[in-house]
Structures are given as C-alpha cells and as structure tokens.
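Chemist: Let me begin by handing over the structure; questions about it come next.
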Amino acid sequence: MLQIDTAQLGSGGLVDYRHVVRLLFSALFAVLTFTISPVVSAQGKNAAQESDPVLTRLKCDTVDKSSVAMSFEGLSIVDGDSDVQYSKIQLLGKSPSCNRRSLSAAGGKSVFGVPKIEYEGGVNSERFAKVIPEPGNTDNHVLQFWLQSPNVRSPQGVPAKGRVQMDLYNNRNLRQVHYSVRMFLTKSFALLKDYPSDIDWMTVSEWWDNPAWGGGKYPFRISVNITKPDASAKSLYFAVRAQTMDKVVKHKGMEDVWFSVNKDFEIPTEKWMTLDYYWVEGDDKTGQFKMTVTPEDGATKTLFAETNFTHHPADPAPIGLTHLNLLKLYTSRQVIDYVKSRGDALSVYWDDLQIQ
C-alpha cells in the first residue's frame, strides 16, 4: 500500500480539513491505501492513527481536485506512450469504488499534479515498476522498482544511466512538504558494499524548485542519495545535496550550494525502514530540509537537519516545489553493470507513502 497526503499553506497557515474528514470517516475510511489529501503525517501500515482522524485511510480508489486515494490491492502499472517514457498508474476493475474518476482529474487548480511513473526510455527487460505481492507477506502489495541494465541512452544510442521514478509534477504553490515512505532495499544493494570505487550517485528522491528542463531561469534541486564514500568503505550511507544549474553557461552543469553525508547510520539491506522528509522553501536562514530514518525494529534517527537555501540563491521570487520525484532509483551505468555482473539487478520496494 502507498499513501500520499498533502497540504497547501496559505497566508493563514495550514488549511484545516479535519472536520470534513470526520464526516467522511463513517462511510469511506479504513486501512490499506494510498492517498493525496490536504493534511497529514506518516507511519507504517500497522501504526495507530487514533490521535488524528485525518490519517485514517481510505479503502477505496478516488481522485478529485483535492484528493487521490490508491490501494495497491487495486492498482497496476501500465506502459504508456510508444517511446516508453512514462507508465500510468491504473485503477483495476476489482478495486473498491467510492469515486470512479480518471487520474487526470487531479489537475485543474489543485496544488498537486498527477502522479506517474517515468523511465526516460528503455524496455521492460532493462527496467520496470510493478505492483507485486510483498515477498514473505503476500497479503500486502508493494511497488517494486527494478533496474538491470542502463535504460537511458545518449543521443548516439549509447547506454548511459538508469532511471525508474514516480513523478509528482506541475505542483502549485507548494511551500512546505512533509512526507514519509517505507523503503526496503533487496540483497542487490548489499553487493554495492564491495563495489571497487566510491558511489556518490544513487538517487532515491529529488526535489525541484524550477526544474532544469523547464523554462525557469533559476534551476535548483535537492537530491537524496545512497552513497559509498570510497572504495574501501564496506557500508552504505545517506547523503543530501542542494545544487543549482547555470542556464547561461550550461557546460558548468550542477554546482553545489550545500552538501551533507551522514556516516552515523549504516543503511540496512533486506529490512524495512521508514524515511521521513520535511522541506520548507526559504533562504540560508529560513529554508529547512530535515530527514529521519526509522528501521522497522529500531528507534528514529535524525540524519539531516539543514537550515539553508531550498531554492536558487539568486531567485528573487521562488515559485514553490513545482516538481517532486517522490520515489526514485537513478544511478550510473557503471553501478548497474556491476550488480548485473554479480548475477543480480538493483531492486527496491516502496510502501506507505504519505505527503503533507
């Protein structure tokens, strides 16, 4: 199950939809879903939600301008257009029904865009996103990202990198975000501990205030990566990097505004962990980026608590978090080929995603 909840901040603060949710509770709300709606927080599927009725989960699949609910028990990922750039998140006929509308209904004046899967090319033998029964717990369904070969090619057709991600694009007036997701790295990631070099590019989420591929004048992103600091390291860690792109001198590429790596927490494999993110648009005094991790049988640990720019430092009028890669598996050809040479493919499971 994957859940997204969202909130739009106005001049008076967080919009309060709790009364509305309480009215809906008796007819619609239960457990095991994915939602995007105007308020939230996040814990695992079995956590008690009694203290805040807003977190009670829809048992149906619904989409309108203010909410999206998806239960992985009633969802599939379907290939999209002919160049295999995107795949759709599709409702199945067996899914419980409370508001049968198409995913495109999430557009309009909503603060949110439409969630979708993006590959940037390739075929299913190279990469895929699928809803599958959770290994070892077939009563539950999870989203799997799988990457065996570099599916993204250069203009000359040379395999260059690999990408599987869930987009939430064209968001409007999103100035503050809190989201949480459970992540399970399969044994394929344990192979990276023996990778014969450092790894600084294995992106698991990415936050864009003015995307580099759009018409914005001030491209800026924050990316969260799994990293191996050097060839001798035998552990994987989380790192976060804030970067700008010079659109005038394009060869300069991405330049760091700030960077942090946390070596106090060794990332486990073959174990569920909950990642919590908190982002506030602002400058070097008001911007915030916080990330915590909670292993399934452990205590919550703060990985990053940055007060710094969360938009381009030169941008006089930031427009909010317009583009967000909620879930991402994005890395180099060399890393992908190494895992393949060891007889495996990079694979990660996602569950219980919520956004505020």
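The values are calculated or read from the model by the stated rules, or taken from the named source; none is laboratory data. Everything numeric here is computed off the predicted structure, so don't read it as measured data. Here the Cβ positions follow ideal geometry from the backbone for every residue, glycine too, while neighbour counts run over all protein chains shown.
Chemist: Can you tell me which condition ARG163 does not meet? The list is (1) modelled with pLDDT of 95 or more; (2) more than 19 Å from the chain's Cα centre (by Cα), and all the others hold.
Modeler: Exception for ARG163: condition (2).
Chemist: Consider SER154 against the criteria (1) of a type in the set (Ser, Thr, Tyr); (2) over 23 Å from THR274 (Cβ atoms); (3) touching a Phe, Trp or Tyr at 6+ places or on another chain (Cβ under 9 Å): it satisfies all of them except one. Which criterion is unmet?
Modeler: (3)
Chemist: For the list (1) within 25 Å of LYS271 (Cα to Cα); (2) under 21 Å from the mean Cα position of the chain (by Cα), I need the number of the one condition that PHE309 fails.
Modeler: (1)
Chemist: Another question, if that's okay. Any residue in region 159-179 that's more than 18 Å from TYR86 (Cα to Cα) and touching a residue at least 40 places away in the same chain (Cβ under 8 Å): show its pairings with residues that are crowded, with 23+ Cβ neighbours inside 10 Å and β-branched (Val, Ile, Thr) at Cβ separation under 7 Å, as long as the two are six or more apart or on different chains.
Modeler: VAL177/ILE355; TYR179/ILE355
Chemist: Can you tell me which residue among VAL248, VAL204 is modelled with pLDDT of 95 or more and not aromatic (Phe, Trp, Tyr)?
Modeler: Details: VAL248 fails: modelled with pLDDT of 95 or more.
When all the criteria are applied, what remains is VAL204.
Chemist: Looking at the structure I just gave you, is THR227 at pLDDT 95 or above, crowded, with 18+ Cβ neighbours inside 10 Å and of a type in the set (Ser, Thr, Tyr)? If you could, list the steps in order and put the result at the bottom.
Modeler: Working: at pLDDT 95 or above: yes; crowded, with 18+ Cβ neighbours inside 10 Å: yes; of a type in the set (Ser, Thr, Tyr): yes.
Judged against the criteria, THR227 is a match.
Chemist: Would you point out the residue of region 124-148, among those that are among the β-branched types (Val, Ile, Thr) and modelled with pLDDT of 90 or more, that is farthest from LYS187 (Cα to Cα)?
Modeler: Pass one, region 124-148, residues among the β-branched types (Val, Ile, Thr): 131-132, 138, 142.
Then keep just the ones that are modelled with pLDDT of 90 or more; that gives 132, 138.
Numbers: ILE132: 17, THR138: 19 Å.
Looking at the filtered set, the residue picked out is THR138.
Chemist: Next up: If the requirement is being under 30 Å from PHE112 (Cβ atoms), outside any strand (DSSP E or B) and among the basic types (Lys, Arg), which of these qualifies: LYS328, LYS285? It would help to see each step written out before you state the result.
Modeler: On the way: LYS328 fails: outside any strand (DSSP E or B).
LYS285 is the lone residue from the list that is under 30 Å from PHE112 (Cβ atoms), outside any strand (DSSP E or B) and among the basic types (Lys, Arg).
Chemist: Can I ask one more? Tell me, which residue of region 124-179 that is hydroxyl-bearing (Ser, Thr, Tyr) and part of a strand (DSSP E or B) is farthest from MET202 (Cα to Cα)? Break it down stepwise before answering.
Modeler: Step one: of region 124-179, the residues hydroxyl-bearing (Ser, Thr, Tyr) are 125, 138, 149, 154, 169, 179.
If we keep only those that are part of a strand (DSSP E or B) too, we end up with 138, 169, 179.
Values: THR138: 28, TYR169: 21, TYR179: 20 Å.
Restricting to residues being hydroxyl-bearing (Ser, Thr, Tyr) and part of a strand (DSSP E or B), the top hit is THR138.
Chemist: Which is modelled with pLDDT under 95 and of a type in the set (A, V, I, L, M, F, W, C), of LEU192, LEU168, LEU236? Don't jump to the end; show me each part of the working.
Modeler: Details: LEU192 fails: modelled with pLDDT under 95; LEU236 fails: modelled with pLDDT under 95.
Just one listed residue meets the conditions, LEU168.
Chemist: Quick check on my filter: what residues within region 159-202 are among the aliphatic types (A, V, I, L, M) and in contact with a Pro (Cβ under 9 Å, 6 or more places away or on another chain)? Show your work before the answer.
Modeler: So in region 159-202, the residues among the aliphatic types (A, V, I, L, M) come out as 160, 164, 166, 168, 174, 177, 181, 183, 185, 190-192, 199, 202.
Across region 159-202, the qualifying residues are ALA160, MET166, LEU168, LEU185, ILE199.
Chemist: Which condition number in (1) surrounded by fewer than 16 Cβ atoms within 10 Å (Cβ to Cβ); (2) part of a strand (DSSP E or B) is the one that GLN243 fails?
Modeler: (1)
Chemist: While we're here: Output the qualifying pairs, or none if there are none: Cβ atoms under 6 angstrom, residues six or more apart or on different chains, first residue in region 296-317 and of a type in the set (D, E, K, R), second residue modelled with pLDDT under 95 and surrounded by 18 or more Cβ atoms within 10 Å (Cβ to Cβ).
Modeler: ASP315/TYR218
Chemist: Continuing with the same structure: Considering region 186-213 alone, what residues qualify as being within 27 Å of GLN288 (Cβ to Cβ), part of a loop (DSSP other than H, G, I, E, B) and in contact (Cβ under 8 Å) with a residue 12 or more places away in the chain?
Modeler: Those that are within 27 Å of GLN288 (Cβ to Cβ), part of a loop (DSSP other than H, G, I, E, B) and in contact (Cβ under 8 Å) with a residue 12 or more places away in the chain: ASP200, TRP201, ASP209, ASN210, PRO211, ALA212.
Chemist: Another question, then. Contact list please: Cβ distance under 9 Å, first residue in region 234-245 and over 17 Å from ASP264 (Cα atoms), second residue of a type in the set (S, T, N, Q), pairs at least six apart or on different chains.
Modeler: Matching pairs, first to second residue: ARG241/SER223; ARG241/ASN225; ARG241/SER260; ALA242/SER223; ALA242/ASN308; ALA242/THR310; GLN243/SER223.
Chemist: Now, a different point. Of all residues in region 310-337, which are buried (at least 19 other Cβ atoms within 10 Å of the Cβ) and closer than 23 Å to TYR237 by Cα?
Modeler: Correct list: THR310, LEU324, ASN325, LEU326, LEU327, LYS328, LEU329, TYR330, THR331, VAL335, ILE336.
Chemist: Hey, could you check region 225-237 for residues that are part of a strand (DSSP E or B) and in contact with a Lys or Arg (Cβ under 8 Å, 6 or more places away or on another chain) and say which is farthest from ALA317 (Cα to Cα)? Don't jump to the end; show me each part of the working.
Modeler: Residues of region 225-237 that are part of a strand (DSSP E or B), as a first pass: 225-228, 237.
Then drop every residue that is not in contact with a Lys or Arg (Cβ under 8 Å, 6 or more places away or on another chain), which leaves 225, 228, 237.
Working: ASN225: 28, LYS228: 36, TYR237: 34 Å.
Only one residue tops the list, namely LYS228.
Chemist: Residues of region 261-282 being under 15 Å from GLU206 (Cα atoms) and surrounded by fewer than 19 Cβ atoms within 10 Å (Cβ to Cβ), which ones?
Modeler: Passing the criteria: TYR278, VAL280.
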